[in-house]
Amino acid sequence: RNYLNRVLPQANRNELKLKVISWNNENLFIPKKEYSLELEEFRKRLSPYPIKEPIILNHQKKSYVAMGFDCKHIERTKLIGLYPLDLIEEHVALRRNELIMFTLLSLVVTFMLSSIIIKSFISPLSAIYDGAKAIERKDFQFQLPFLGRDEFGAMGNIFNEVIVDLEELSVAGAIQEQLLPNYEIKTGYFSLYGKSVAMGALGGDYFDFIEMEDNKFSVALGDVAGHGVGASLIMAMAKAGLVSLDA
């Protein structure tokens, strides 16, 4: 009894605000100010083994989580622990607010990372895809916007330079098609028609029909080595030469 009188006041001065109460079979309890009828009813339910689940107990107009058991080494004495329920709710609310703040912070970080990824990868890839579709539909006026100073930016600069060359090739190809005859010749027993299908944007193949006097005609066929602008220029020179000879 003297031991409990000395130890329990010290035990009740804890940072957790946990109340520790002793109660013996002669209805002597420490500290005396903690008596209540609800606590006495709870004491009667205690055994040498701790109760399996915490019990919510109303004690002196306040709610507590109560635990207790019969002491094994201090005869005819029960120990009861009371923890304020509002402190539990306060801790739960604090942890909930911390979780909400962490969730919001995670969303902000996720949004920032998503923006960086979109700006660094998705947007340049989408622009390059639009450029590829422009080439597919032969829209050589298309230009990629500034994609940055990284590899995507370098790729965009190369694309813009190449598409200008493709535009020039397209114009040269259209001119080259005009150099080839697009009509059919019918004379005597012969009917002539020709078409050139180049492997690239520009080819070096050349053919022409030249009508002569007395229902006579001649056919010119030529194949300039290579492809591209150089072959197209040589073909134009051949066309010009034949026209001058015919004249």
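The values are calculated or read from the model by the stated rules, or taken from the named source; none is laboratory data. Nothing here was measured: the structure is a model prediction, and the numbers come from that model. Areas reflect the complete protein model, heavy atoms only, side chains present, ligands, DNA and RNA absent. Shrake-Rupley method; radii C 1.70, N 1.55, O 1.52, S 1.80 Å.
Obtain the radius of gyration and the Kirkwood radius of the range 1-109 from its C-alpha atoms and give Rg over Rh.
Numbers: Rg = 17.8 Å, Rh = 15.7 Å.
Result for the range 1-109 is an Rg/Rh of 1.14.
Where the centre of each part is set by its Cα atoms, how far does the range 97-161 sit from the range 7-39, in angstrom?
68
Enter the accessible area per residue of the chain (Å², integer; probe 1.4 Å; all protein chains in place).
Values: 17840 Å² over 247 residues.
I get 72 Å² per residue for this part.
Percent relative contact order of the range 1-136, based on C-alpha pairs within less than 8 angstrom and at least six residues apart? Please report the intermediate quantities before stating the final value.
Numbers: 131 pairs, mean separation 25.2, N = 136.
Once normalised by length, the contact order is 19 percent.
Can you pull the percent of Cα pairs in the chain with separation above 31 Å?
On the way: 19593 of 30381 pairs.
For the chain, the share of Cα pairs beyond 31 Å comes to 64 percent.
Using a Cα-Cα cut-off of under 24 Å, which lysines could be cross-linked to LYS133, ignoring same-chain neighbours fewer than 8 residues away?
Excluding near neighbours in sequence, the set is LYS119.
State the percentage of accessible surface on the chain attributable to carbon and sulfur atoms; use a 1.4 Å probe and exclude ligands, DNA and RNA. Working shown, then result.
Numbers: 10840 of 17840 Å².
Solvent-exposed carbon and sulfur of the chain make up 61 percent of the total.
Cross-link partners among lysines for LYS62, C-alpha distance below 30 Å, same-chain residues fewer than 8 apart left out?
Candidates past the 8-residue exclusion: LYS17, LYS19, LYS32, LYS33, LYS44, LYS52, LYS72, LYS78.
Using amide H atoms built 1.01 Å from N in the peptide plane, name the residues 5+ places from PHE217, or on other chains, whose amide H lies under 5 Å from its own.
Here MET212 satisfy the definition.
From the phi of every residue in the range 9-26, what ³J(HN,Hα) in whole Hz does the Karplus formula 6.51 cos²θ - 1.76 cosθ + 1.60 yield, where θ is phi - 60° and glycine or proline is x?
Computed from phi, the couplings for the range 9-26 are x, 5, 5, 7, 9, 10, 5, 7, 6, 7, 9, 10, 10, 10, 8, 9, 5, 8 Hz.
Please compute, over every Cα-Cα pair in the range 76-180, the percentage with a separation greater than 19 angstrom. Mind dumping the intermediate values first?
Working: 3705 of 5460 pairs.
Result for the distance tail: 68 percent.
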